[in-house]
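Below is one structure, written out as structure tokens; comments come after it.
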Amino acid sequence: MRLTILIILLTFSSSLFSQKASDREWAIFQKNIEDYKKGYYRQAQKNIRLVLKNLKDNSLLSAHQLMLAKSHYKMGKYVQSLDECQNFIRQFPESRYRMHIEYLKANNYFQLDRLQTAVETWLSVAEKSKDKRLAEKALKLADQTVRFKLDSQGLMYLKNELKSPFALQFAYYHIAERDYEKGNFPPAKNAVQKVLSLNGNNILIEQKAKKIFDYLDNKANTAIRIAALLPLSGGNADVGQALLDGAQMTVDVFNRENGPSVELIPFDYETRLSTALLQLKEIARDPSISAVFGPVENDIFAACATVADYEKISLISPTATEKDLRTISSRMIQLSIPMDIRVQKIARYAHESMQMTRFATIAPIDDYFVRYTKIFTQKQEQFGNEVVSQQWYYPGDQDITRYFKALKRVGIKLVYQDSVIQADTSLTQYMIDTSYASFQEKERELLEETNTRIDSADIPVKTIDAMFLPVFSDDIGLIASQYAYWNIQAQIFGNADWYNMELLNKNKNYINGLIFVSDGYLNEESWDYRKFRNDFRNLFKRTPNKYELIGYDSFNFILSALQGAPKSIGRENFFERVKDAPTFNGVYRNFDVGKKRYNNAVRILKYTYGQILPLK
């Protein structure tokens, strides 16, 4: 709209004298434009109507009539705007603004839900307008409306209504695109051939149609094309490259065994959100690409999920764990286990399998770990269990003695509390607290009289069943030593950051028996891992790490879902096959996806005597 107003101003200012408009009329015209640009549509309408009433033979009249129609549109009065468009056409059939009026008519039809008529009108503008930018805008709106608003029946109705070869090329292309995405390749090829046989000079549509034709013509060589949208440079380049290498290794093996039927196409978003969004839009415009593998980060994946939902292309992340991601888009799958699912599984295991009823927690003050701990404690409270203490330390804090000391005080008090309740179950918490204070005072006096010194660290605390310690892996040594020093004899439960054999072995005397949750488990003695490691070393000349394993396992799961499928895999049936794939066990990670669209194959692991053993 602003572009049109600018064109009007430039047109009239450059040929002012040839149009014979008086200085006063020109001033009125400029004032009306200023009112319009500022959003004063009612004032602009009032002044425009005065001009139209009083000036009968002036070149400014057509511009005022256009502005009147636009002001109605801006105010949401689409029927009135259409009426003014028709008035314009009757009065100024040869006007240089005729295509701008037609474009505005199409916009009004769209707002009034007359979608086929809107598309037909936009296509007419795209074909006839000498203004290249206006033609491109009209064609883009027509394209978006057909893709996202019209169903197949509506598209066929539109095709039957269109007359010009230019417009028919557009319609047949969209028919071909839909058949291609559904995997209906023969009818898609027929529709593409129809596009190319029509002499409509719709250059952009012809180029896109030729692209589909080339893919269809070589379908035996490129049956399934998957974009790998990963950070191959920037802050997370090491993760992105590792995932790509593991995935490509899987694809290479699959193609050797099944023929060259899968193509993995890398897209580097440089660990930048804006780049990821631009590349996803580029991927979505290529109908030969069936799905997207990536992105890696939670926030970038969330933003891309909204675009993927709009563009109707599947997004499959190997690493995103945020619990709310699955609510953003109906076309995304999380191959990593979401954070809330992991916590709920370890909480349930502690309650049901270990019969724990009294818990305490220590965690860093970090948004992720605060939410992690909150889910765990809420779950225990739902089970009817007791969370007697929650301690928080600042990340990087090297002195966490006071948090364990506070926890030790809670544990010692529970010894007294449990004993008095056992003797008298009618006691209230207030009565217990009051009597405990008196008990403490007497004990202190006794110790002073006997000149006895007791280190509270020597007193074992057995009144807390379990300690939940979701921490950064860098804090494991600090946490483990403090836990042992304060002699709190409880079962330790932890998060996936505890899965670090080097750190576990350094602290094995402190944390033997630790149970933690993970999204995977690696048995380095297994034949599958040894084969993978040797093949990877031969191919890349280095030893694989966790993320190469995740890329390898994730793509093995995806390809297992596609095995046995017909070669006609498009966007729609690709998503359905992966979503409905049976459970799959990888080298490191297992997969159980289903209709919930996230991986539910949680692993519960135990560190005991220098080994990690799977419990579940």
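Coordinate-derived values only; no laboratory data. Fair warning: this is a prediction, and the values are worked out from it, not measured in the lab. Backbone-built Cβ (ideal geometry, glycine too); neighbour counts: all protein chains shown.
For the cross-link pairs Lys130/Lys210; Lys379/Lys595; Lys374/Lys606, the C-alpha atoms of every pair lie within 27 Å.
Working from label points 7 Å from Cα in the Cα-to-Cβ sense, the Arg147 to Glu94 distance is 4.0 nm. Less than 5 angstrom separates the built amide H of Thr361 from those of Ser389, Gln390, Gln391, Phe468, all sequence-distant by 5 or more or on a different chain.
Applying the criteria of a DSSP loop state and at most 14 other Cβ atoms within 10 Å to the trypsin sites (Lys or Arg not before Pro) of segment 184-289 yields Arg285.
Out of segment 521-552, which trypsin sites (Lys or Arg not before Pro) are coil in DSSP terms and have no more than 12 other C-beta atoms within 10 Å? All intermediate terms of the calculation are to be shown ahead of the outcome.
Numbers: sites: Arg530, Lys531, Arg533, Arg537, Lys541, Arg542, Lys546; in loops: Lys541, Arg542.
When the trypsin sites (Lys or Arg not before Pro) of segment 521-552 are filtered for loop state and at most 12 Cβ neighbours within 10 Å, Lys541, Arg542 remain.
When the C-alpha to C-alpha distance is required to be over 18 Å, the pairs from Lys312/Lys579; Lys345/Lys596; Lys159/Lys211 that qualify are Lys159/Lys211.
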